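S.K.: First the structure, then my questions, so here it is.
The values are calculated or read from the model by the stated rules, or taken from the named source; none is laboratory data. Because the structure is a prediction, the values reported are computed rather than measured. So basically every Cβ, Gly included, is an ideal-geometry build from the backbone, and we count neighbours across all protein chains shown.
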Amino acid sequence: MVNIGACVKEPGSTRKNKTGSWRTFKPILDKEKCIDCENCVLFCPEGCINKDYDIDYDYCKGCGICAEECPVKAIKMERG
Amino acid sequence: MEIREEEFLAPGHRGCAGCGATVGVRLALKALGKNTVAVSATGCLEVITTPYPETAWDIPWIHVAFENAAAVASGVERALKTQGKDAQVVAFAGDGGTADIGLQALSGAMERGHNIIYICYDNEAYMNTGVQRSGATPYGASTTTSPPGKESFGEDKPKKNIPMIMAAHGVPYVATASISYPEDFMKKVQKAKEIDGPAYIHLHQPCTTGWGFDPSKTIELGRLAVETGSWILYEIEDGEFHVTYRPLQRKMVDEYLMAQKRFKHLTEEERERIQHNVDALCTELKI
Amino acid sequence: MVKKVFTANRSVAEAVKLAKPQVVPVYPITPQTTISEYLAQFVADGDLKAEYIRVESEHSAISAALGASGAGVRVFTATSSQGLALMHEILFAAAGMRSPIVLVDANRALSAPLSIWNDQQDTISERDSGWLQIYAENAQEALDAVLIAYRVAEDRDVLLPCMVCIDGYFLTHTVEPLDVPSQEEVDQFLPPYKPYAFLDPENPMSIGTFTDPEYYMEARYAIEEAMERSKEVIAKANEEFAEIFGRKYDFIEPYQCDDAEIIIVAMGSVCGTIKDVIDSLRDEGEKIGLLKLRVFRPFPTQEMKEVLEKASKVAVLDKNISFGMGGVLYNNIKSKTNADAYGFIAGLGGRDITPEYIKEIVAKTKNPTREIEWIGLKKEEV
Ligand SMILES: Cc1ncc(C[n+]2csc(CCOP(=O)(O)OP(=O)(O)O)c2C)c(N)n1
Ligand code: SF4
Ligand code: SF4
Ligand code: SF4
Ligand SMILES: [Mg+2]
């Protein structure tokens, strides 16, 4: 049954929708090179890079912002 | 600056890859924290974040229509107040929902002095409906309703200056911001939260789909806008204006314009006119 | 309970005070204006503990009401005519978001030409919005209807907004004696509002979402079901209202219908005049009755059928017009009952519906020449 007024009582439930399938290019993050600037964390439109710089590929759409904004080129976009 | 790790906008939303609007919301909510109630106007943000039966919002959220986010926020704020709840109300509306159809409701709400933060996420056109021009579309830009042609060079009016219109309302805190300068933006959001009364933040937000650039360049484009002086970061606190960021060496506007499909049709002469206008304003502001 | 002599606008304001909404966004418009003024004064005097929002338009009034209702409190707003039309978009949203807002509309004609006088075009034009609609005949009914409206709208089986419609000037600006109930009585009848969905950081929800074709129809069907269920809720509210306040309301109020050959159907203040005309016609031996319709949405089909189908003819008085189609009430009755009905458009833009016009309606119903007649037109001006 549709909720009364089509309200959604489950916060953050778009997490069910794995947008990783949209991706053509995949960001690969090299923690060795990383200098902890947090650019990638702040600028990811999906918020799918955590504080330990693990990328959640379930959601990463492969936009390439993180790679573009990494000051030390620690992130590379690869096909697949 | 302490930046919260917590995320209040979940992934899985339907924004285009590289969407700048969701970057803006993520940053704003990091600055505001959990005790926040959000209001959205109809537009990209609302549609991509609440595809029933899902929602990307981890905080309470309400949407009613395109032109009334400020009025809805007014009601929410008063209702929370009567219940003794001290949550911060924040409204997110697009440039269309702010500069055009929602301007009256915004004016009323700001004048009434509600304790709300109103953030206009400005992607400079009606993106949700397919890139039609808004009052915030910049001079020369091509949109689906301001297309260049034999008789047209694109949008023929300058961008409507909403932050100054807000300042003229006597709003205690008015600021411009860009998603490409997260610290600057988040500091402003925090200031807006501390202020007792209304606050208006006009957030510049590049849109890969509507402006025509590679999704990886969203942040770069926002930065170019600021570094060329095409978008100026400032705040107006109790009537005191000051610029919050000055590019070390202002870049040529061409670099910003030529990176986007929406300006590709402009002739050198037209681009020079834009450069001239930017120079005039920047000189006045010592940028 | 105390006896007072009030206009319907004042009686509505008293009802609102007794119902204790927490947020009241209103925008003035003739002839609703004094409602907005009384409420402002009540709040200023501390007699109504509510946040009064001096919005800049009716569009924002209903939007703020919907926002406040979404945040979990009881709300009230009032308007009229152009104001209601300006709210149109949000009226549909309020019903769709299942927000139990109570709104009083001082019925007034819609422009153009501009008119500040009464007819019922404004509320009738919102009949498909998903709001319940109650039409009051007098100031007492207006007061009582506001209390009943909250009780019904907020019921978990309903959760739909409700509009109380009071005729501009005829009710809004005419004083009448009435009973004002005590706070204790009202508290007994109207429990505190417990929202189904609300905005609270402790329990985050998203209200007013976007649906694709997968869910929209079901959400709209749910409104239809709630509208249907509201009939039972209204009936129960009416019963309890009678127990507490001693006044019994129903969906319809038949007057002299039992043996009536012709029944006039009407809504609102004109029913008083019609009753007087019926009394005098009955003295002359004419078997005429009145069916006053109080609840227009949900439409009480069964109750209407039972009364109307016994009469040989039915005259429907509409203070509205769906151009090219006739009066809306007439068309609703034609589609829902087997009555031999005729439509009469009257009283638009404040044109008085005199006893003579009502007699003319009766005469024309006896010997009908046209399906729909306009009553009281000045021949020299058409
Ligand atoms: C009253 C009304 N008019 C028009 C629309 C159609 N519409 C929906 S969103 C939109 C444009 C939104 O533009 P903006 O506010 O800039 O937000 P964006 O989509 O760019 O994020 C329009 C025209 C509507 N929903 N309601
Ligand atoms: S590619 Fe885009 S979506 Fe994927 S992690 Fe990087 S910024 Fe996020
Ligand atoms: S942007 Fe690069 S350097 Fe900065 S945190 Fe991310 S991976 Fe590390
Ligand atoms: S059109 Fe632009 S604003 Fe809208 S979702 Fe796509 S990138 Fe974001
Ligand atoms: Mg826009």
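Residue-wise test of (1) in a strand (DSSP E or B); (2) within 17 Å of the chain's Cα centre (by Cα); (3) among the aliphatic types (A, V, I, L, M).
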position: B:138; (1), (2), (3): no, yes, no
position: B:156; (1), (2), (3): no, no, no
position: B:160; (1), (2), (3): no, yes, no
position: B:164; (1), (2), (3): no, yes, yes
position: B:174; (1), (2), (3): yes, yes, yes
position: B:186; (1), (2), (3): no, yes, yes
position: B:190; (1), (2), (3): no, yes, no
position: B:197; (1), (2), (3): no, no, no
position: B:201; (1), (2), (3): yes, yes, yes
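S.K.: So, in segment A:30-49, exactly how many residues are surrounded by 18 or more Cβ atoms within 10 Å (Cβ to Cβ) and near ligand 3 (Cβ under 6 Å from one of its atoms)?
M.R.: Count: 2.
S.K.: Taking the stated definitions as given, is residue B:91 touching a Phe, Trp or Tyr at 6+ places or on another chain (Cβ under 7 Å) and either without any contact (Cβ under 8 Å) to a residue 40 or more places away in the chain or away from ligand 4 (no atom under 16 Å from the Cβ) (or both)?
M.R.: Here the answer is yes, as residue B:91 does meet what is asked.
S.K.: Please state which of the following conditions residue A:51 fails to meet, knowing it meets all the rest: (1) under 24 Å from residue B:208 (Cα atoms); (2) facing chain B (nearest Cβ under 9 Å).
M.R.: Status for residue A:51: all satisfied but (1).
S.K.: Right, something else. What is the number of the single condition among (1) of a type in the set (A, V, I, L, M); (2) over 24 Å from the mean Cα position of the chain (by Cα); (3) closer than 26 Å to residue C:301 by Cβ that residue C:346 does not meet?
M.R.: Going through the list (1) of a type in the set (A, V, I, L, M); (2) over 24 Å from the mean Cα position of the chain (by Cα); (3) closer than 26 Å to residue C:301 by Cβ, residue C:346 breaks only (2).
S.K.: Further question: What single numbered condition from (1) surrounded by 18 or more Cβ atoms within 10 Å (Cβ to Cβ); (2) over 21 Å from the mean Cα position of the chain (by Cα) fails to hold for residue C:249?
M.R.: Of everything listed in (1) surrounded by 18 or more Cβ atoms within 10 Å (Cβ to Cβ); (2) over 21 Å from the mean Cα position of the chain (by Cα), residue C:249 misses just condition (2).
S.K.: Please work out which one of (1) in a loop (DSSP other than H, G, I, E, B); (2) more than 14 Å from every other protein chain (Cβ to nearest Cβ); (3) touching a residue at least 60 places away in the same chain (Cβ under 8 Å) is the condition residue B:99 fails and give its number.
M.R.: For residue B:99, the exception is condition (1).
S.K.: In the list B:19, B:44, which residue meets the criterion of being within 16 Å of ligand 4 (Cβ to nearest atom), within 30 Å of residue B:157 (Cα to Cα) and at the interface with another protein chain (Cβ under 7 Å from one of its Cβ atoms)?
M.R.: Going through B:19, B:44 in turn, the sole match is B:19.
S.K.: For segment B:24-41, which residues satisfy the criterion of being in contact with a Leu (Cβ under 8 Å, 6 or more places away or on another chain) and within 15 Å of ligand 5 (Cβ to nearest atom)?
M.R.: B:24, B:25
S.K.: I'm trying to understand the selection: among the residues of segment B:30-53, which are assigned to a loop (DSSP other than H, G, I, E, B) and either modelled with pLDDT under 95 or surrounded by fewer than 24 Cβ atoms within 10 Å (Cβ to Cβ) (or both)?
M.R.: B:33, B:34, B:35, B:52, B:53, listed by residue number.
S.K.: Restricting to segment C:17-40, give me the number of residues that are more than 14 Å from chain B (Cβ to nearest Cβ) and β-branched (Val, Ile, Thr).
M.R.: Residues in segment C:17-40 being more than 14 Å from chain B (Cβ to nearest Cβ) and β-branched (Val, Ile, Thr): 5 in total.
Quick grid of which residues meet (1) at pLDDT 95 or above; (2) on the phi > 0 side of the Ramachandran plot; (3) more than 7 Å from every other protein chain (Cβ to nearest Cβ):
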residue: A:8; (1), (2), (3): yes, no, no
residue: A:11; (1), (2), (3): yes, no, no
residue: A:15; (1), (2), (3): yes, no, no
residue: A:27; (1), (2), (3): yes, no, yes
residue: A:37; (1), (2), (3): yes, no, yes
residue: A:64; (1), (2), (3): yes, yes, no
residue: A:79; (1), (2), (3): no, no, yes
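S.K.: Which numbered condition in (1) part of a helix (DSSP H, G or I); (2) facing chain B (nearest Cβ under 10 Å); (3) under 21 Å from residue C:187 (Cα atoms) is the only one that residue C:14 fails?
M.R.: It fails just one condition, (2).
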